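Participant: The structure under discussion is supplied below as structure tokens; questions concerning it will follow.
Values in this text are rule-based calculations from the coordinates and carry no lab data. This is a predicted model, so every value here is computed, not measured. Quick reminder, even Gly has a Cβ in these numbers, built from the backbone with ideal geometry, and neighbours come from all protein chains shown.
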Amino acid sequence: MVSSRVRGKLGGKSGSRPAKAGGAEQEVSLYQADKIRFHRAADLMRLDDRARAALSEPRREIIYNVPVMVSQSRNPAENGRAKSFLAYRVQYNNIYGPYKGGLRYHPQVSLDEVKALAAAMTWKCPLLEIPFGGAKGGVAIDPMQYGPADIEALTRRFTYEMLTDIGPDQDCPAPDVNTNEQIMDWLYDTYCMHASDKFNVCNAAVVTGKSVACGGLPGRAPATGQGLSLAIREWAKDHKKKPSSLRVAIQGYGKVGSYAGIFLEDMGMKLVAVADVRGAIANPRGIDARKLAEYVKGPGGGSVAGYPGAAKVSDDEFFSAKAEVFIPAALENSVTARTARLLKCQVVAEGANCPTTLEGDEVLAERGIDVLPDIFANAGGVAVSYLEWLFNHGTHLFDLAYVAKFLSDRYERNYKVIAEAVRKYKTDWRTACYIVSLGRIGEKIVHRGLYP
């Protein structure tokens, strides 16, 4: 059995620990947090200077102005008028393969956030041996305030602005927060209308997460939640835990959290607490994961709040629920120093991107709680995106059974590699994941050399 239960400071230089102001958690941006974690791992593994230089900053940061004629805004004053939205695409590194990363539509999208998420994609792909580089993009918009026609117009204009920056073997976007297969279909269609070889079937590979009708892959939608469940399965096997003995709490019950809940329930684990932005519920006897997902999707739903199969609880009661497994599957920075002290779990499996702050990591380490980091735990989506990308190039055909086995094998094999890094470097799981990823990317950089 391998355990990353490190007491005290996390692996690396003590100077990497964030400072405190008045005993409170100091505000550190997502990108700054990634840089601290990157250099901590690079120091510990003595990463080659060529690799450190090539990976320490993004290769390209692109800011777009996306003007759209609005027709379905909830603010009547906007309808019939043009409005400009800021959008971003950060291409962090493509040494390991074509740039790959999602597009999100959210009012808090910023350059710093997109840089951090692009870096996370760069570290994520090598951990499951997926030959993609790292990128991320987004538009600063609240999509709930606009109708489908506005979202389509925005997507098509944004795609037009990105035409020279994306491509099937250059940079391939995918769904993320508040984007879905319909939005990916619009992106694909717009790209094809402007590509010089618009009738080339391989143009479908410009984006993954499409509908099956447009070249998407069955099994792509649940893949992130499925991969998350497999990471937890490997942790349970490693720690000789029977699935039936494990209780699960999930923060966020959208595309990732709901599928993770269903897959874990099928393994024999019990879902006992769930929360989202509108409320939290708990039932120590168990919550039916499928019925809850249906409730959230149903009319009058949209949230776990009000679900009749569980009792309403406060946010603190949710974080304090008696559950061996805690899954943050909402947005960034939800596991802070304060909330980390409330948890009663044995492992945190990160379904969201960047859900744990630097101080949250320190508290979890001090309390002996393992962390399966986002760059490993939620890599199932990009793994299956790779299969869709291959399918769109006309090289392979895949069915659901193949997808499931592909994911299972990748998680089982690479969990062992990461566990060995935990042992070798006497460090925590997050740092070990960085070390494995940086080692795989760094090897390519050293062999290729630095031009000129």
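Participant: Given that just one value was derived from the coordinates, which of (i) 22.3; (ii) 24.7; (iii) 24.0 is Kirkwood radius over Cα pairs in Å?
Facilitator: (i)
Participant: Determine the sum of side-chain charges near Q32: Lys and Arg each +1, Asp and Glu each -1, restricted to other residues whose C-beta is under 12 angstrom from that of Q32.
Facilitator: Numbers: positive: K35, R37, K115; negative: E27, D34, D112, E113.
Net of charged neighbours comes to -1.
Participant: Which lysines have a Cα less than 18 Å from the Cα of K322, not counting those fewer than 8 places away in the same chain?
Facilitator: Reachable lysines: K241, K242, K270, K312, K344.
Participant: Grab the stretch 58-205 and count how many Lys pairs have their alpha-carbon atoms under 22 Å apart, sequence gap of 8 or more, or different chains. Could you put the intermediate results ahead of the total?
Facilitator: Working: K100/K115; K100/K124; K100/K136; K100/K198; K115/K124; K115/K136; K124/K136.
Value for the stretch 58-205: 7.
Participant: Using modelled backbone amide H atoms (1.01 Å from N, in-plane), which distant-in-sequence or interchain residues come within less than 5 Å of G101's amide H?
Facilitator: A135, C172, A174
Participant: Then there's this: Pop the C-beta distance of C202 and K416 into the FRET formula with R0 = 41 Å and round what comes out to the nearest 0.05. Mind showing how you got there, number by number?
Facilitator: Numbers: r = 35 Å, r/R0 = 0.86.
E(calc), rounded to 0.05, equals 0.70.
Participant: How about the stretch 283-377: which trypsin sites (Lys or Arg not before Pro) there lie in a loop by DSSP and see at most 13 other Cβ atoms within 10 Å? Show your work: numbers first, answer last.
Facilitator: On the way: sites: R285, R290, K291, K297, K312, K322, R338, R341, K344, R367; in loops: R285, K322, K344, R367.
Those that pass, being in a loop and sparsely packed, are R285, K322.
Participant: Another question, then. Once fully extended, how much extra length lies between L400 and S56, figured as 0.36 nm per residue of separation less the alpha-carbon to alpha-carbon distance? Intermediate values should be presented prior to the final figure.
Facilitator: Values: separation 344, 0.36 × 344 = 123.84 nm, distance 3.78 nm.
Answer, rounded to one decimal: 120.1 nm.
Participant: A follow-up question, please. Using the Karplus equation 6.51 cos²θ - 1.76 cosθ + 1.60 (θ = phi - 60°), what ³J(HN,Hα) coupling, rounded to whole Hz, does each residue of the stretch 310-317 give in order, writing x for Gly and Pro?
Facilitator: 7, 9, 5, 9, 6, 4, 5, 5
Participant: Relative contact order for the stretch 282-337: what is it in percent, counting Cα pairs under 8 Å that are at least 6 residues apart?
Facilitator: Numbers: 26 pairs, mean separation 17.5, N = 56.
Relative contact order here is 31 percent.
Participant: So what's the net charge close to A280: Lys and Arg +1, Asp and Glu -1, counting the other residues with Cβ under 11 Å from its Cβ? Before the final figure, lay out the partial values.
Facilitator: On the way: positive: R278, K312; negative: D276, D315, D316, E317.
Taking every other residue near A280 into account, the sum is -2.
Participant: Right, next: Roughly how far apart, in whole Å, are the Cα centres of the stretch 327-377 and the stretch 247-314?
Facilitator: About 19 Å separates the Cα centre of the stretch 327-377 from the one of the stretch 247-314.
Participant: Moving to a separate point now. With labels modelled as points extended 7 Å from the Cα through the Cβ direction, what inter-label distance (nm, one decimal) is found for D48 paired with K291?
Facilitator: 5.7 nm
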